[in-house]
Amino acid sequence: MIGRNNGHEVVFHRNARNPILSACDWPYSVHSVFNPGAVRLPDGDTLLLCRVEDRRGHSHLCAARSANGVDGWRIDPQPTMMPDPERYPEELWGIEDPRITYAPELNSYLIAYTSYSRGGPGVSLARTHDFKTFERYGVVMSPEDKDAAMLPRRIGDHWAMIHRPSTTLGANIWISYSPDLRHWGSHRLILEARRGAWWDAYKIGLSPPPIETKEGWILLYHGVRQTAAGAIYRLGVALFDLEHPEVCKLRGDTWLFGPEEPYECKGDVGNVVFPCGYTIDDDGDTLNLYYGGADTYIARASGSLAGLLDWLSRNGRPDAGGTKPIRVL
């Protein structure tokens, strides 16, 4: 349901128990927990694969499970996925910000995550059936690149990954294709950060994995505005064609969700809401976003897929502020 607050439409409603997870909930010593990937398991449990930062400043991933996705979390007693810099040197300074996609063709989950090395952040890929053992593919997008997620099915004969390289064109959202999840090409720029005073003028990046609907792929993305007081991270939305996901059909001009609560405004990095995962309830419509607040906490907000598409139909326009896709072979 879409409500109103001070005349503005409210698309996502915060859970009353926010923040739902913090460092004090962890069974071992950590500094902060945030930016979780999310998936609903076959048994109905919600699994969050949380970014956990230790007191060195290095991150690893740890799974938390809940029957209702809000409380009663069962957290792995030790890290679920640790950096492995001996075999994967790109993970030297940690692994961060996982996005989880279930791929029916593979009967497994694909996890795109940021691997942090001397060369900067890059995109790595792993595969798992049970969130206990992981097959690493290694780095698939070289630094500087991050904010990546897989589409759940092939487009034609190829897998597709959304990601955010930083290039001479700026920090924008691209798509790339692969026949085997290891070799990537046909890179296309699909959504640009706007310029000037826009809320998403400084840089943009994918938030949770794209959501497949009959109308197209819903892409929720974070936009950053650089101000005299620092950066502000907010959430916006665009819609892409189902069979040609490099084509933007609609893009909203305004943000949908931004930092307002204390756990979003104050922390290690203030004024940040940063979703990396979502689940959809049994009704097929209720969308639960799991997000990092101020790089310190994990919180949840819920909305409606139908409501989100309705908002976009009324507030979006084709390629608003963007350009046609650029292909790089």
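Candidates 166, 124, 176, 186: the one that is assigned to a strand (DSSP E or B) and either of a type in the set (D, E, K, R) or at positive phi (or both) is 186. Only one entry of 271, 315 meets the criterion of being farther than 29 Å from residue 186 by Cβ, modelled with pLDDT of 95 or more, among the polar types (S, T, N, Q) and out of contact with any His (no Cβ under 9 Å at 6 or more places or on another chain), and that entry is 271.
Of the residues that make up segment 226-248, is at least one of a type in the set (D, E, K, R), in contact (Cβ under 8 Å) with a residue 40 or more places away in the chain, on the phi < 0 side of the Ramachandran plot and touching an Asp or Glu at 6+ places or on another chain (Cβ under 9 Å)?
Here is the first cut: in segment 226-248, the ones of a type in the set (D, E, K, R) are 234, 241, 243, 246.
With in contact (Cβ under 8 Å) with a residue 40 or more places away in the chain added as a condition, the list becomes 243, 246.
Still in the list and also on the phi < 0 side of the Ramachandran plot: 243, 246.
Going one step further and asking which of them are touching an Asp or Glu at 6+ places or on another chain (Cβ under 9 Å), we end up with none.
For segment 226-248, residues of a type in the set (D, E, K, R), in contact (Cβ under 8 Å) with a residue 40 or more places away in the chain, on the phi < 0 side of the Ramachandran plot and touching an Asp or Glu at 6+ places or on another chain (Cβ under 9 Å): absent.
So, of the residues in segment 225-262 that are β-branched (Val, Ile, Thr) and closer than 23 Å to residue 154 by Cα, which turns out to be farthest from the chain's Cα centre (by Cα)?
Top of the filtered list is 247.
For segment 1-81, give me every one of the strands (runs of 3 or more DSSP E) that falls completely inside it and has 2 or more residues that are in contact (Cβ under 8 Å) with a residue 60 or more places away in the chain and in contact with a helix residue (DSSP H, G or I) (Cβ under 6 Å, 6 or more places away or on another chain). The strands (runs of 3 or more DSSP E) meeting that bar are 32-40. Within segment 198-216, the set of residues being over 21 Å from residue 169 (Cα atoms), buried (at least 22 other Cβ atoms within 10 Å of the Cβ) and in contact (Cβ under 8 Å) with a residue 60 or more places away in the chain comprises 208, 209, 210. In this structure, residue 102 does not qualify as part of a strand (DSSP E or B), aromatic (Phe, Trp, Tyr), surrounded by 18 or more Cβ atoms within 10 Å (Cβ to Cβ) and in contact with a strand residue (DSSP E or B) (Cβ under 7 Å, 6 or more places away or on another chain). So, in segment 105-123, of the ones that are of a type in the set (Ser, Thr, Tyr) and within 14 Å of the chain's Cα centre (by Cα), which residue ends up farthest from residue 62 (Cα to Cα)? Filtering first and then ranking leaves 114.
For residue 85, indicate whether it is modelled with pLDDT of 95 or more and out of contact with any Ser or Thr (no Cβ under 6 Å at 6 or more places or on another chain).
Values: modelled with pLDDT of 95 or more: yes; out of contact with any Ser or Thr (no Cβ under 6 Å at 6 or more places or on another chain): yes.
Taking the combined requirement at face value, the residue satisfies it.
Just a yes or no: is a residue in segment 40-54 modelled with pLDDT under 95, surrounded by 12 or more Cβ atoms within 10 Å (Cβ to Cβ) and farther than 22 Å from residue 296 by Cβ? No - not one qualifying residue is present in segment 40-54.
Please go through segment 82-96 and give me each residue that is out of contact with any helix residue (DSSP H, G or I) (no Cβ under 8 Å at 6 or more places or on another chain) and either over 20 Å from residue 20 (Cα atoms) or part of a loop (DSSP other than H, G, I, E, B) (or both), ordered by number. Outline the logic, then answer.
Filtering segment 82-96 down to residues out of contact with any helix residue (DSSP H, G or I) (no Cβ under 8 Å at 6 or more places or on another chain) leaves 82, 86-96.
Selection gives 82, 86, 87, 88, 89, 90, 91, 92, 93, 94, 95.
Of all residues in segment 36-70, which are farther than 28 Å from residue 88 by Cα and of a type in the set (Ser, Thr, Tyr)? Quick ask: steps written out before the conclusion?
Filtering segment 36-70 down to residues farther than 28 Å from residue 88 by Cα leaves 40-46, 66-70.
Hits for segment 36-70 are 46, 66.
Can you find a residue in segment 123-146 that is under 15 Å from residue 36 (Cα atoms) and small (Gly, Ala, Ser)? Among the residues of segment 123-146, not one is under 15 Å from residue 36 (Cα atoms) and small (Gly, Ala, Ser), which makes the answer no.
Of the numbered criteria (1) surrounded by fewer than 20 Cβ atoms within 10 Å (Cβ to Cβ); (2) under 22 Å from residue 48 (Cα atoms); (3) among the β-branched types (Val, Ile, Thr), the one residue 279 fails is (1).
For segment 246-268, the set of residues classified as among the aliphatic types (A, V, I, L, M) and surrounded by fewer than 16 Cβ atoms within 10 Å (Cβ to Cβ) is empty. Among the residues of segment 134-176, those that are of a type in the set (Val, Ile, Thr), under 23 Å from residue 117 (Cα atoms) and surrounded by fewer than 19 Cβ atoms within 10 Å (Cβ to Cβ) comprise 167, 168. With the checklist (1) over 23 Å from residue 247 (Cβ atoms); (2) free of Cβ contacts under 8 Å to residues at least 60 places away in the same chain; (3) part of a loop (DSSP other than H, G, I, E, B) in hand, flag the one item residue 114 doesn't pass. Condition not satisfied by residue 114: (3).
In the set (1) part of a loop (DSSP other than H, G, I, E, B); (2) under 26 Å from residue 238 (Cα atoms), the condition left unmet by residue 147 is number (1).
The values are calculated or read from the model by the stated rules, or taken from the named source; none is laboratory data. What you see is a predicted model, and the numbers here were worked out from it, not measured in a lab. Positions of Cβ are generated from backbone atoms using ideal geometry, with glycine treated the same way; all protein chains shown enter the neighbour counts.
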